[in-house]
Structures are given as C-alpha cells and as structure tokens.
Amino acid sequence: FFSLKDTLIVWSEAENYDLALSFQEKAGCDEIWEKICQVQGKDPSVDITQDLVDESEEERFDDMSSPGLELPSCELSRLEEIAELVASSLPSPLRREKLALALENEGYIKKLLELFHVCEDLENIEGLHHLYEIIKGIFLLNRTALFEVMFSEECIMDVIGCLEYDPALSQPRKHREFLTKTAKFKEVIPISDPELKQKIHQTYRVQYIQDMVLPTPSVFEENMLSTLHSFIFFNKVEIVGMLQEDEKFLTDLFAQLTDEATDEEKRQELVNFLKEFCAFSQTLQPQNRDAFFKTLSNMGILPALEVILGMDDTQVRSAATDIFSYLVEYNPSMVREFVMQEAQQNDDDILLINLIIEHMICDTDPELGGAVQLMGLLRTLVDPENMLATANKTEKTEFLGFFYKHCMHVLTAPLLANTTEDKPSKDDFQTAQLLALVLELLTFCVEHHTYHIKNYIINKDILRRVLVLMASKHAFLALCALRFKRKIIGLKDEFYNRYIMKSFLFEPVVKAFLNNGSRYNLMNSAIIEMFEFIRVEDIKSLTAHVIENYWKALEDVDYVQTFKGLKLRFEQQRERQDNPKLDSMRSILRNHRYRRDARTLEDEEEMWFNADEDDMEDGEAVVSPSDKTKNDDDIMDPISKFMERKKLKESEEKEVLLKTNLSGRQSPSFKLSLSSGTKTTLSSQSPATNLPGSPGSPGSPGSPGSPGSIPKNTSQTAAITTKGGLVGLVDYPDDDEDDDEDEDKEDTLPLSKKAKFES
C-alpha cells in the first residue's frame with residue numbers, strides 16, 4: 001500500500017520495509033499521488049491506499065486465533081488450503097506471528113514432511129508443488145524456532161526435497177543427489193567431537209539452501225530472510241570457537257602442514273582447510289578475532305606459511321597467499337615482527353617477505369592477478385601509517401632499515417635486469433605489467449619513506465634505470481616511469497635535484513616529449529605538467545638546468561606558455577644574480593613588507609614619552625649614531641610637530657578610545673606606546689621620509705590622506721635599543737600582533753606620563 005506524508009510517498013510492503021519517493025515541491029508530490037490513487041481506484045483526498053480490515057473479518061480472525069491459529073488438518077486433500085493460508089498470512093505481521101506460533105506448537109512441519117514422502121511415493125506432482133509453496137512460505141516467516149526444526153538432522157534433507165519441486169520448472173532439481181553423492185565431506189584431520197561434525201554438516205547444507213535452492217529473493221523478500229543469514233553466521237562462529245578450543249586438532253594440523261613427509265594432495269587439503277578456517281574467522285567480533293589470530297600465531301602459522309610458499313605447487317601457494325593476506329590485513333605488525341626475527345637466523349633468499357616478492361615477480365598468470373594481490377600486501381607492510389611507535393623503539397625505523405637492507409634488491413631485480421641498455425631488454429605485455437607494479441610500489445616508497453628510499457635511489461642510480469622505460473612501446477609503462485620522476489620532483493628536495501642535474505636525467509623525458517610530436521595525449525599533458533610544476537614552484541636549480549641544456553629543443557613549443565615561462569624565470573634569476581641590489585628591492589616588493597604611516601608616528605611618540613625627566617637627568621637617553629651629528633633643534637623638531645598634531649586630535653580622543661573598546665582594534669593615525677625605564681627607544685626619520693611617494697608625503701599611497709591605500713614605507717628608519725646595557729638594532733615586523741601589543745601599552749600608561757602629555 002501507499003501512504004502520503006507531506007512531500008513523501010511511502011510504499012510499504014512486508015514487515016518494517018518501506019520505499020520512499022521524496023519530492024522537492026509539495027505540488028509535484030500531490031500530482032504523483034493523484035495518479036497513484038487513480039490507478040488503484042482510491043480517493044486522492046485520503047493519505048493511505050490500504051484497505052481497512054473489515055470488522056467482521058477481524059473478529060473472525062480473532063475467533064480463529066484463540067488460543068492460537070487453528071490450522072487445517074495435515075492431509076493430502078487439504079494441501080491446497082494450507083498453501084493458501086500460508087500465502088495469505090505473509091503480508092500481515094499479525095497473521096504471520098500467529099501462523100508461526102501455530103506451526104511451532106503443533107509440530108506441524110514434521111507432519112508436512114511425512115506428507116512429502118507420501119506424495120513422492122504416489123508421484124503426486126500437484127501435491128509436491130503445494131508443499132514447495134508451503135515450505136517456501138515458512139522460510140519467509142523468518143522464525144529461528146522454525147529453522148531449528150527444519151534444519152535438524154532428521155528434517156533438513158526432506159526440506160531440501162520439498163524445494164526441488166518448483167512449479168515454475170518443468171523438471172524437479174536434484175539437490176539431494178548433489179549433497180549426498182557429489183559433495184564429499186573430507187576430514188583432513190579427524191574430528192573427534194560429534195557435535196562439531198554435525199554443526200559443520202548443518203552449516204554447509206543451510207548455506208547451500210540459501211545460495212542454490214531458494215529462489216533469488218525479491219527486494220521485499222530479502223528482508224524476510226534476515227534470520228536465515230543470522231543462523232548461518234552464528235553457526236560459523238560456533239565452529240570457529242570449537243576448533244580453536246581443540247588444541248590437539250590445531251597441533252596436528254600445523255605439524256602435518258610443515259612435515260616434509262606429507263604428500264602434496266594431503267598438504268593441499270590441509271591448506272584449503274586452513275584457508276576456509278580463516279575465512280570463517282571474518283564473521284567473528286573484533287575481540288574474538290584477536291583471540292583467533294593470536295592462537296594461530298602461537299601455533300606457528302607464519303613459519304608454516306613460509307614452508308608452504310617455498311613449494312612448487314601453484315594451487316597450494318595460491319591458498320597460502322590468501323591465508324597470508326588475512327594475517328596482513330588483521331595485524332601487519334605481527335608479520336613485520338616475525339620477518340625481522342627470522343632475518344637473524346636465515347639467509348635473505350628464504351625470508352618470508354622475499355618469498356612473497358618472488359611469487360609476485362614469477363606470477364604466470366597473463367593478467368598478473370596474483371601479483372596484484374601480493375603487491376597490495378607488500379604495500380600494506382611497508383606503509384608507515386600502520387606502524388607502531390613505542391617509548392623504546394620505533395617500528396618504522398627498524399622495519400624500513402630491515403626492508404631496504406634485505407628485501408629491496410629482490411624487488412628491484414627485474415627492473416635493473418631489464419634496463420641495462422638505452423631501451424627495455426624485454427618489452428612484452430606481461431613484463432611491462434610486472435614492471436608497472438614494481439614502479440607503483442617504488443613510487444609509494446618515494447612518497448611515504450624518507451632517507452631510506454632517497455639513499456637507495458641515489459646510490460643505485462635507480463631513477464636513470466626507471467627512465468629507460470620511457471622508451472617502452474607500452475604507454476602505461478612509460479607513464480609509470482614518468483610518474484615516478486614526477487613524485488621525486490614534487491618533493492622539491494635539493495639532494496634529488498642535484499642527482500637529476502648531475503646525471504642529466506631530463507634527457508629521456510625531453511626525448512619522449514619530442515618523439516610524441518604534436519599528439520595531444522596523456523604523455524604530452526603529463527610531461528608539460530611536470531615542467532609547469534617546476535615553473536610555478538620556482539625550483540631555481542632545475543629551471544636553470546632545463547633552460548641551459550634543453551632550451552633549443554623546447555623553444556619552438558608555443559601551444560603552451562610553460563617553456564617560455566621557464567625561460568623567463570631563468571632570465572630573472574640571471575638578472576638578480578648580476579644585480580643583487582635589484583634582487584633585494586624585488587624581494588621587498590614581493591613580500592609586501594611596507595611600513596605603516598602610523599608606525600612612523602609611533603616612533604615619535606616613543607621618543608617623546610621615553611624622554612623621562614629622570615632619564616634626561618641621568619643622561620641615559622640613547623640616540624642612534626646617525627643622529628649624533630644633528631643639533632638639538634633637529635632632534636626636538638619631530639616632538640614639536642607631534643605636539644601640534646596632538647592638539648588637533650585631542651578633541652577626538654574620547655571617540656578613538658570608544659572605538660578601541662568596542663572593536664578591540666585602534667584605527668587612528670597615531671599610537672601611544674611606552675617602553676620600560678630600562679628600555680629607551682629613539683627613532684630618527686631620514687630626510688627621505690618626506691620625498692614624494694614616501695609615507696609622510698601628501699597624497700602618497702601610504703599616507704593617511706589616501707583612503708583604502710596600503711601604507712608603504714620605502715624610507716630607511718634606524719633605531720637603537722638599550723636593555724640592560726645591551727645595544728642592538730630593532731626591527732618592526734609588520735603584523736597585527738605587534739599592533740595589539742602597542743595598544744595594550746597605551747592603555748597602561750603611567751599617570752606621571754599622562755599628566756606630562758596633557759600639559
């Protein structure tokens with residue numbers, strides 16, 4: 001049925017299952033609702049299309065259900081009536097509940113299964129079809145108590161038999177024949193517990209019913225089989241727990257796995273069992289899964305895998321790889337700790353992690369499916385993000401040191417073997433795929449590892465070898481090589497840059513760019529992007545290297561401005577080198593480190609307020625050396641100018657203070673500041689201050705008379721500070737924090753100096 005809720009139309013079917021259509025506008029929702037009601041023959045003014053249950057029908061149903069639903073007698077002649085009752089009860093939650101209780105209380109399922117044997121003996125196809133519908137409906141009741149009966153040892157095969165006779169099929173299926181004759185139960189290690197053995201049989205058969213026997217559920221029926229999913233789930237949890245507690249079973253399992261006397265067929269069965277065992281563990285809760293893998297670790301699963309991976313059987317190795325993936329995904333630190341410990345006892349060739357790398361390199365699958373899986377596991381193992389750091393040791397430092405010493409040469413072996421010439425020695429598709437995987441892992445290392453990979457690349461000249469692959473006929477491999485170099489350049493590390501310049505490692509890239517011609521493809525765009533990055537980030541050493549060595553080859557490229565922009569950067573660098581003063585001025589302009597006009601006034605205020613009577617008497621006022629040649633009139637001139645300006649501003653002082661209190665920032669053209677008695681600051685402004693364009697000149701961009709302008713101070717202001725007898729230059733950083741500090745100083749002026757100011 002449908003129901004209308006504001007801008008929602010809700011379609012409800014079965015228990016607690018709704019689909020909703022949401023509309024942005026109420027008008028659109030009402031329009032669709034009218035059409036739905038028109039099709040169903042309902043009045044659009046109502047909010048629900050479900051027919052109300054007739055009172056007499058409800059009363060009749062209640063009469064039937066007291067004390068429970070009265071089921072028809074279980075006879076052949078009434079199978080059709082039973083099937084109709086089950087089908088009519090499914091849409092209503094109330095009826096479903098009463099039907100389920102009736103089936104439980106009367107032992108009705110076993111009676112139905114007895115009728116199934118009668119129908120099969122009589123070849124009563126119509127009755128078998130009715131039984132199929134009845135048993136399927138009982139599944140959809142979604143009751144655990146009913147499942148316990150149906151999946152019991154004595155009933156489950158008959159239930160499967162009922163589900164063979166689908167009315168939609170011309171011939172019945174043969175599920176029972178498959179389960180009893182084709183499917184064989186193998187005990188790789190004898191199971192002594194009969195309850196465990198029965199639970200394994202039951203779980204397999206119920207899983208088979210879910211996957212193969214029951215028809216694919218509709219959108220609404222799928223929600224009605226949730227209890228069946230839960231039944232299988234909890235069965236698996238019980239099986240794992242019972243096996244985990246059987247120490248003798250696990251001990252025998254690992255002993256036979258590692259025993260050289262075990263024949264290949266038996267070992268394959270053992271490995272497949274262990275793989276399925278680990279797969280079942282994925283259903284466990286995190287706490288139980290921790291205990292499970294800890295048990296396997298204590299039993300020696302990693303040494304066992306090391307033995308298995310060293311064998312020649314491809315199927316056994318494939319299953320062992322799946323088991324290894326479960327361990328790595330669960331706890332990579334456990335695997336790392338094991339391989340570091342075994343390195344102290346074994347040669348590099350038989351280390352577990354090197355066996356994994358060798359299997360990746362030697363994968364015979366044309367699509368390298370196994371190699372891709374193994375590369376993902378290696379990536380997880382070398383990922384610093386999941387490495388632990390404790391107070392005593394850092395896993396990252398220890399493991400990466402181990403990996404680069406014992407394993408990296410195995411990983412890069414196919415790369416180094418294939419790049420001894422100017423072009424790849426082997427350039428078939430499978431080799432190209434393998435090298436692309438290796439490069440992907442190396443690129444990951446460049447991004448996430450620090451000095452380990454840097455030392456390895458520079459010492460082994462890895463980048464030169466990688467760039468040989470730019471000449472490959474496989475575009476994806478050439479792009480992998482380019483991506484590797486781009487990742488290195490993206491670090492903006494001068495060690496890498498010097499290595500690139502010293503070995504002229506832009507040459508293969510430029511060759512590939514020129515050989516690509518005017519084709520607008522991924523190779524073209526990727527190479528241009530790399531040079532554009534160098535230009536935008538202004539990597540000076542690489543810019544100079546590219547222009548000095550490859551400009552003639554690139555100067556005709558005009559469909560992008562990248563290379564001309566690089567040339568311009570290079571010329572600007574040369575110009576700055578030839579004229580350091582110009583470079584200094586451009587640096588000032590580029591960084592916008594200009595002096596505010598208010599700051600100039602602040603210097604005058606500092607001078608006046610710091611001219612304390614005590615200081616003057618003691619002769620402690622300090623002036624800059626450049627001002628010692630000036631006479632007293634020159635020194636006092638700024639003070640008199642300040643007093644005149646102060647009188648003009650005196651009437652506005654209250655308003656300024658009010659603004660300061662309201663906004664937290666002060667915006668007049670002057671600031672009051674005070675230094676402590678032991679710190680006296682005196683600033684003198686050079687004559688250049690009043691030049692046109694200077695902050696103090698009328699109409700200059702930085703003067704108070706130009707609204708919205710950015711204050712700029714190109715004049716040179718010198719100041720000397722004394723603090724505790726030390727003399728040094730003072731810099732005034734142009735930031736807001738200093739401004740706030742100055743305002744705080746103003747608010748805390750001593751009364752004596754305020755009186756002096758007012759006088």
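The values are calculated or read from the model by the stated rules, or taken from the named source; none is laboratory data. Here the structure is a predicted model, which means the values were calculated and not measured. Glycine gets a Cβ as well: all are built from the backbone with ideal geometry, and neighbour counts include every protein chain shown. Note: areas computed on protein heavy atoms with side chains; ligands, DNA, RNA excluded. Shrake-Rupley method; radii C 1.70, N 1.55, O 1.52, S 1.80 Å.
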Given 25 °C and 0.890 mPa s, compute D for region 78-214 with the Stokes-Einstein relation, Rh being the Kirkwood radius over Cα pairs; round to the nearest whole µm²/s.
154
Using a 1.4 angstrom probe on the protein heavy atoms only, could you order PHE429, PHE338, PHE484, PHE476 from most to least accessible area?
PHE429, PHE476, PHE338, PHE484
List the pairs from LYS511/LYS552; LYS426/LYS485; LYS487/LYS540; LYS405/LYS492; LYS423/LYS540; LYS423/LYS564 whose alpha-carbon separation is above 24 Å, in the order I gave them.
LYS405/LYS492; LYS423/LYS540; LYS423/LYS564
How much of the accessible area of region 500-578, in percent, comes from carbon and sulfur atoms when a 1.4 Å probe is used?
51
Over all directions, region 344-426 yields a Cα convex hull whose mean projected area in nm² is 7.2
The local net charge around ALA319, scoring Lys/Arg +1 and Asp/Glu -1 for residues other than ALA319 whose Cβ lies under 12 Å from its Cβ, equals -1
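List the pairs from LYS248/LYS396; LYS136/LYS174; LYS181/LYS294 whose alpha-carbon separation is above 27 Å, in the order I gave them.
On the way: LYS248/LYS396 37 Å; LYS136/LYS174 17 Å; LYS181/LYS294 38 Å.
Beyond 27 Å between Cα atoms: LYS248/LYS396; LYS181/LYS294.
Show TRP551, TRP33 ordered by accessible area, largest first, where the area counts protein heavy atoms only and the probe is 1.4 Å. It would help to have the intermediate numbers written out before the result.
Details: TRP551 50, TRP33 5 Å².
Largest to smallest exposure gives the sequence TRP551, TRP33.
Could you list the square roots of 5 times each eigenvalue of the Cα gyration tensor of region 500-578, that is, the equivalent ellipsoid semi-axes, sorted largest first and rounded to whole Å? Working shown, then result.
On the way: eigenvalues 90, 37, 24 Å².
Each semi-axis is √(5λ); the values are 21, 14, 11 Å.
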SASA check, GLU154, accessible area w/ 1.4 Å probe, all protein chains in place, rounded to nearest 10 Å², comes out at 130
Ranked highest first by average number of other Cβ atoms within 10 Å, how do 498-505, 39-46 line up?
498-505, 39-46
What accessible surface, in Å², does a 1.4 Å probe find on ILE308, ignoring ligands, DNA and RNA and rounding to the nearest 10?
0
I'd like the accessible area for ARG78, computed on protein heavy atoms only with a 1.4 Å probe and all protein chains in place. Round to 10 Å², please.
80
Most to least accessible of SER170, SER281 (protein chains only, probe 1.4 Å):
SER170, SER281
